[in-house]
Each structure stands twice: as structure tokens, then as C-alpha cells.
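Colleague: Below are the C-alpha cells for one structure; questions will follow.
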Amino acid sequence: MPPLITYSTDGVPSHRRLQYWNDIAEAATTPLVIDPVDARNFSTRVDLADLGRFRMSEIRSSAVSVRHSKHDAAAARELLFLIGLPLDGACRFRQLGTETLLRTGDFALFDSTFAFDILTDAPHRLLMLEIPHQLLKRSVPCPEGVLGRRMRGNADVGGLVSQFIRRFWSAYRHRLDSAPLPRLTAAILDLVGSAYSLPGERRAVPTTRAMWRVRIREHIEAHLDDADLAPPRVAAALRISTRYLHELFDQGDDTVARHIQTRRLERCADALADPAQRSRSVIEIALSHGFNNHSHFSRVFRARYKATPCDYRRARQDG
């Protein structure tokens, strides 16, 4: 059986724990930066196993936000798809403008070649699978089309897949015989492929169309702070027509323009809730994230968050 490698902040002085952990995370296959909610009481542990086909790790941590930036994505040593599955507690994953809330037993797919965030509000246990791009594509022909899609741990097929993965990990931690590992890891990949091939899942989206959507979202994320960002500019940057841009992005009520505004509002909300940005004015935050009209910003912010920017900031920072 391949060895289980453990890293932990146990025994590390409290004032050195964050730097110690970020040094470990920076050297990981998928580099990350960790920001604890309570730095004084920060503690974490990861148990990591290389299973041949892919890697699995269990992270036990106090509440943190985790950032995998564009710089981190470029520095990654492998092209990996990630499957996040909370074993206890809840996690929010953000990637390419989509936020996915995962509760215990749920799982979802993400791509390490793009920036992402993981946010938790309480102590939690999270199981992560790191699967090479080409390997997963043998089981999920169009993974780009299902990025961020929550597979419910209490649903029929999703629940069976989640239960199998969790039981496999528990057995592995209790010294599972290594002989069946290749078949079991192959079974996990097949089950994940089955979950994403259900009728109505986005796996049916042609690969080229799904990849265009990823490229559109990536461009929007990289240029959100540009006040002139609008569908015609996005289309011109990607060398396609505005009409084709709208056709590619068509996702019900979420148009390109609405997606840009939503992502700007989310960035502003994060900044307003951040105690480290307390000295910045509301208008300064709005302008720095692509809004160029204070009245318009206040109106759309209130429509989305049911509070004025000032009230939202006060509630988040005082709470």
C-alpha cells in the first residue's frame, strides 16, 4: 500500500503556523495561499496519498479562505482536474465567475489551470481528488462543460458515487490491501463519469462550445476592473462576433452583461466585508471594480444584496 503522508500544524508555534502552512501549500502540485479566519487559532492537517492514477487528500482545518491565483495556476506542475467532496461541514468553491456551495457528501469538479477560491466559515474536513487532465477525459469526455456543477450527495447516482469514494478513503486510511487499488481507482473514475453522464447534465455540450464558455469567463475574470468591459469588447478580444458571443454564452437568464455586473458586485461585496479594506471608501471600491457611476452601483448593489453598500459593510464587519 502506498504510504500516507501527513502534514500538520500540531507542534508548530501558533505565530509560525500560517507561514509554515503556506510554505507547504506553495510547494504543492496545485499551489495555494491560505488565509485563516482566526489566525490566532489556526490549525490544519492534511493526509495525502498517491494512488498511482491520481492523488487523494483529506484536509482537516479551522475556517479559512484558500486562493489559487492565476500566478499559482501558471506555476502548477501538472494539468489537473480537482474533485472537492466535504466529509464534514460545508465549503464554497468559486471559479470562472461561478460559486458552488458543497455540503457534506456533495462533490463538484474544478480545473487547476484556472484561478479558484475555496471558502469555509467553520472547522471542516474536505476530501480532494487530483486527477490528470487526460486521465479524467477518458471517463468524462467534456469535463469543461460540467465545471462547478454540484453533484448532490443525497441524490441517487451522485449519492452512490459519493458514498463509494468516502468508503474507499476510509478503508484506505485503515490500511486497505494495495492489491485491488488499480481496479478501485479505475472504478472511481468510471463512477464519476457515470454521474456526469446523467440525462440533462451539461456533459452533452460539445467540447468546443464548452471550451468557448470557459474562455469567455476567463477573459471576463481577467478584465472585470476595466470599466469599459462589455460584450462587444469581449467579443473583439476573442475575435468572434458579438452575436456569436451571446449564442455561446446562452445560459437562460445569465447573459454576458448580467454576468459581468454580477461578478463585479461579488468582488465589491468581498471588499466591503474585508476588515483589511476598512479604510477604503465605498466609491473607491466600486470604481476599482469596474463601476463608473456611484448611483448606479448603489442601486444594483441594493437590488442584489437587499442592503446599501454601507449597511452591508457595517453588518459584515461588525458581525
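Bear in mind that the values in this text are calculations on the coordinates, not laboratory data. Just so it is clear, the structure is predicted and the values come from calculations on it, not from any experiment. Don't worry about glycine lacking a Cβ; one is built from the backbone with ideal geometry, like all the others, and counts go over all protein chains shown.
Colleague: Describe numerically, in nm with one decimal, the distance between label points set 7 Å from Cα along Cα→Cβ at Asn22 and at Asp156.
Modeller: Those two pseudo-labels are separated by 4.8 nm.
Colleague: Mind giving me the nanometre distance, one decimal, between the label points for Arg299 and Leu101, set 7 Å out from Cα along Cα→Cβ?
Modeller: 2.9
Colleague: Provide Rg and Dmax in Å for segment 207-318, with only Cα atoms included in the calculation.
Modeller: For segment 207-318, the Cα radius of gyration and maximum Cα-Cα distance read 15.4, 47 Å.
Colleague: Please work out how much length the chain gains when fully extended from Arg173 to Ser194, using 0.36 nm per residue of separation minus the C-alpha to C-alpha distance, in nm with one decimal. The partial results should precede the final answer.
Modeller: On the way: separation 21, 0.36 × 21 = 7.56 nm, distance 2.55 nm.
Going from the current span to full extension adds 5.0 nm.
Colleague: Using Cα-Cα distances under 8 Å and only pairs 6 or more residues apart, what relative contact order does the chain have, in percent?
Modeller: Relative contact order comes out at 13 percent.
Colleague: So, one more: Work out, step by step, the length gained on full extension between Ala307 and Gln134: first 0.36 nm times the residue separation, then minus their alpha carbon distance; give nm to one decimal. Show your work: numbers first, answer last.
Modeller: Details: separation 173, 0.36 × 173 = 62.28 nm, distance 4.56 nm.
Extending this stretch completely gives an extra 57.7 nm.
Colleague: Starting from 0.36 nm per residue, how many nanometres of slack lie between Leu184 and Asp38 once their C-alpha separation is accounted for? List each step's numbers first, then the result.
Modeller: Numbers: separation 146, 0.36 × 146 = 52.56 nm, distance 3.87 nm.
Length gained, Leu184 through Asp38: 48.7 nm.
Colleague: Stokes-Einstein D for the chain at 4 °C, 1.567 mPa s, Kirkwood Rh over Cα pairs, in µm²/s? Present the calculation step by step, with values, prior to reporting the outcome.
Modeller: On the way: Rh = 21.1 Å.
D, rounded to a whole number, is 61 µm²/s.
Colleague: Okay, next question. Can you tell which of Gln277, His259, Leu287 lies farthest toward the positive end of the dipole of the chain, using +1 and -1 charges on the Cβ of basic and acidic side chains (Lys, Arg; Asp, Glu)?
Modeller: His259
Colleague: Still on this structure, please answer the following. Ranked by Cβ crowding within 10 angstrom, fewest neighbours first, how are Lys306, Lys70, Lys137 ordered? Walk me through the numbers on the way to the answer.
Modeller: On the way: Lys306 9, Lys70 13, Lys137 16.
By the 10 Å Cβ count, ascending: Lys306, Lys70, Lys137.
Colleague: Here's another thing I want to ask about it. Taking neighbour Cβ counts within 10 Å as the exposure measure, how do Arg314, Arg239 sort from fewest upward? Display every interim value, and only then the final one.
Modeller: Numbers: Arg314 13, Arg239 6.
Ordered from fewest to most neighbouring Cβ atoms within 10 Å, Arg314, Arg239 come out as Arg239, Arg314.
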